[in-house]
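Novice: Dropping a structure here in structure tokens format, bear with me for questions.
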Amino acid sequence: MVDYEALRERQAELREDGRYLGIGFSSYIEACGLAPSELAGQLGAQAGLWESGLVRVHPTGKVTAFSGTSGHGQGHETTYAQIVSDELGIPYDDIEIVEGDTDEIPQGMGTYGSRSAAVGGSALVTSSQKVVEKARKIAAHLLETGEEDIEFENGEFSVTGAPERSMTIQEVAQQAYLAHNMPEGVEPGLEETSFYDPDNFTFPFGTHVAVVEVDPESGEIEFEQYAAVDDVGNQINPKIVEGQVHGGIAQGIGQALYEQAVYDDNGTLVSGSMQDYAVPKAEHIPHMDTDDTVTPSPHNPLGVKGVGEAGTIAAPQAVVNAVTDALSPFGVDHIDMPITEEKVWRAVNESEEGS
């Protein structure tokens with residue numbers, strides 16, 4: 001994506017003109033979707049690592065799904081609705097997501113460690129599958145055939161070999177609440193709850209490359225290119241994944257170049273407000289070229305891994321490595337984050353004095 005060999009040739013050409021291009025790599029692997037709960041106990045945690053999910057099909061055929069995770073901008077409502085829609089064959093617009101509401105959910109462990117899709121989403125998958133199996137029993141009874149002869153596809157139950165004998169899952173839901181003609185041993189209603197506890201972590205990975213030009217006299221750092229390839233397993237909603245990668249990279253660049261908690265000699269925080277703490281603005285964030293590979297995780301039914309921290313893990317090292325690569329002719333091989341213009345200037349001058 002970055003045409004590495006051509007970049008190295010250009011780097012050499014620019015140095016002849018007193019310009020300093022740097023190329024920085026960062027390859028990472030992360031442990032996400034922390035699990036299982038047994039491991040948490042062995043490590044001394046006083047909490048489980050499962051997640052709950054409740055899927056309720058109403059008599060109207062519409063659905064409310066409840067999750068114990070707690071979204072704060074990641075697009076969980078969209079992603080979870082897609083998951084439930086795919087499992088039940090009920091239109092996306094007919095699905096409501098209730099998340100993190102302690103008045104309504106069974107129990108919940110929250111959102112952290114890129115666990116929401118891998119653990120919370122898997123709980124909704126499991127509950128949705130339980131709903132389908134209960135609905136299959138009711139459909140078989142109403143269609144006067146055995147459960148093994150009922151097929152389910154795209155929200156419709158049909159009799160094998162006789163597709164004209166069929167019922168939608170919405171029709172089954174209505175009959176489940178009327179309860180006038182239920183199979184023996186099956187309770188009325190159509191809702192199921194799951195507490196999903198994965199058998200292992202998930203392991204997203206990737207490589208990011210930053211290309212910068214550094215002015216050793218002023219300390220200014222200018223991005224020329226930023227490329228990222230991440231493997232977060234199956235992607236439920238690629239646009240949301242891309243957005244999270246972008247956001248993570250922005251945070252990582254902020255850590256590398258701008259953001260810092262500064263204390264005076266008395267230990268007083270002097271960067272405690274947004275007037276003094278340098279959060280990067282849009283003008284500080286480069287265009288990002290993103291791509292992906294897809295290696296499904298074997299540890300959950302969705303095959304997802306987690307993407308929340310991908311950019312924040314990869315970006316700081318890529319940027320720092322790019323800056324130090326640019327300054328390598330001056331003998332600079334390390335600068336502490338955040339790499340401010342002053343730090344670049346001092347690193348170059350101190351290195352030149354030392355040589």
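Novice: Restricting attention to strands (runs of 3 or more DSSP E) lying wholly within segment 1-76, give those where 2 or more residues are open to solvent by 20 Å² or more (accessible area, probe 1.4 Å), at pLDDT 95 or above and closer than 20 Å to F201 by Cα.
Specialist: Numbers: elements: 20-29, 51-57, 63-67.
It comes to 20-29.
Novice: Something else now. Checking V119 against (1) outside any helix (DSSP H, G or I); (2) open to solvent by less than 20 Å² (accessible area, probe 1.4 Å), which single condition isn't satisfied?
Specialist: (1)
Novice: Here's something else I'd like to know. Based on this model, can you work out whether G252 counts as assigned to a helix (DSSP H, G or I), open to solvent by less than 10 Å² (accessible area, probe 1.4 Å) and at pLDDT 95 or above?
Specialist: In short, yes.
Novice: Another question, if that's okay. Out of the residues in segment 156-165 that are open to solvent by 40 Å² or more (accessible area, probe 1.4 Å) and part of a strand (DSSP E or B), which is nearest to E87 (Cα to Cα)? Please lay out each step first, then the result.
Specialist: Initially, segment 156-165 is screened for residues open to solvent by 40 Å² or more (accessible area, probe 1.4 Å), giving 156, 160-161, 163-165.
Those still in the list that are part of a strand (DSSP E or B) too: 156, 163-165.
Details: E156: 11, P163: 20, E164: 22, R165: 21 Å.
Looking at residues that are open to solvent by 40 Å² or more (accessible area, probe 1.4 Å) and part of a strand (DSSP E or B), I get E156.
Novice: Looking at (1) over 30 Å from I29 (Cα atoms); (2) crowded, with 23+ Cβ neighbours inside 10 Å; (3) not basic (K, R), which one does T202 not meet, given that it meets all the others?
Specialist: All conditions pass for T202, except number (1).
Novice: Looking at segment 77-105 only, could you name the residues that are farther than 18 Å from Q129 by Cβ, modelled with pLDDT of 95 or more and either among the small types (G, A, S) or open to solvent by less than 30 Å² (accessible area, probe 1.4 Å) (or both)?
Specialist: The answer is V98, and nothing else.
Novice: Checking Q174 against (1) open to solvent by less than 50 Å² (accessible area, probe 1.4 Å); (2) of a type outside the set (D, E); (3) within 20 Å of I150 (Cα to Cα), only one condition comes out false. Which one?
Specialist: Result: Q174 passes all but (1).
Novice: Here's another thing I want to ask about it. I339 is checked against (1) in a helix (DSSP H, G or I); (2) of a type in the set (V, I, T); (3) open to solvent by less than 30 Å² (accessible area, probe 1.4 Å) and fails just one. What number does that condition carry?
Specialist: Here I339 clears every test but (1).
Novice: Can you say whether G189 is closer than 30 Å to H141 by Cα and not charged (D, E, K, R), as far as the supplied structure shows?
Specialist: Judged against the criteria, G189 is a match.
Novice: I'm trying to understand the selection: among the residues of segment 214-233, which are surrounded by fewer than 18 Cβ atoms within 10 Å (Cβ to Cβ) and not small (G, A, S)?
Specialist: D215, E217, E220, E222, E224
Let's see how each residue does on (1) of a type in the set (D, E); (2) open to solvent by 10 Å² or more (accessible area, probe 1.4 Å):
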| position | (1), (2) |
| --- | --- |
| Q107 | no, yes |
| A123 | no, no |
| A135 | no, no |
| E148 | yes, yes |
| L178 | no, yes |
| P183 | no, yes |
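Novice: I would also like to ask the following. Looking at P296, P301, which is the one that is open to solvent by 60 Å² or more (accessible area, probe 1.4 Å), over 27 Å from R15 (Cβ atoms), in contact (Cβ under 8 Å) with a residue 60 or more places away in the chain and touching a strand residue (DSSP E or B) at 6+ places or on another chain (Cβ under 6 Å)? So that I can check it myself, show each step before the final result.
Specialist: On the way: P301 fails: touching a strand residue (DSSP E or B) at 6+ places or on another chain (Cβ under 6 Å).
Just one listed residue meets the conditions, P296.
Novice: Further question: Give the residue that is nearest to I240 (Cα to Cα), with candidates limited to residues of segment 255-291 that are open to solvent by less than 70 Å² (accessible area, probe 1.4 Å) and in a strand (DSSP E or B).
Specialist: If we take residues in segment 255-291 being open to solvent by less than 70 Å² (accessible area, probe 1.4 Å) and in a strand (DSSP E or B), then T290 is nearest to I240 (Cα to Cα).
The values are calculated or read from the model by the stated rules, or taken from the named source; none is laboratory data. Just so it is clear, the model here is predicted, and its values are computed rather than measured. With ideal geometry, Cβ positions are generated from the backbone for all residues, glycine too; neighbour counts draw on all protein chains shown. Just so you know, the surface numbers come from the protein's heavy atoms only, side chains and all, with ligands and any DNA or RNA stripped out. Shrake-Rupley method; radii C 1.70, N 1.55, O 1.52, S 1.80 Å.
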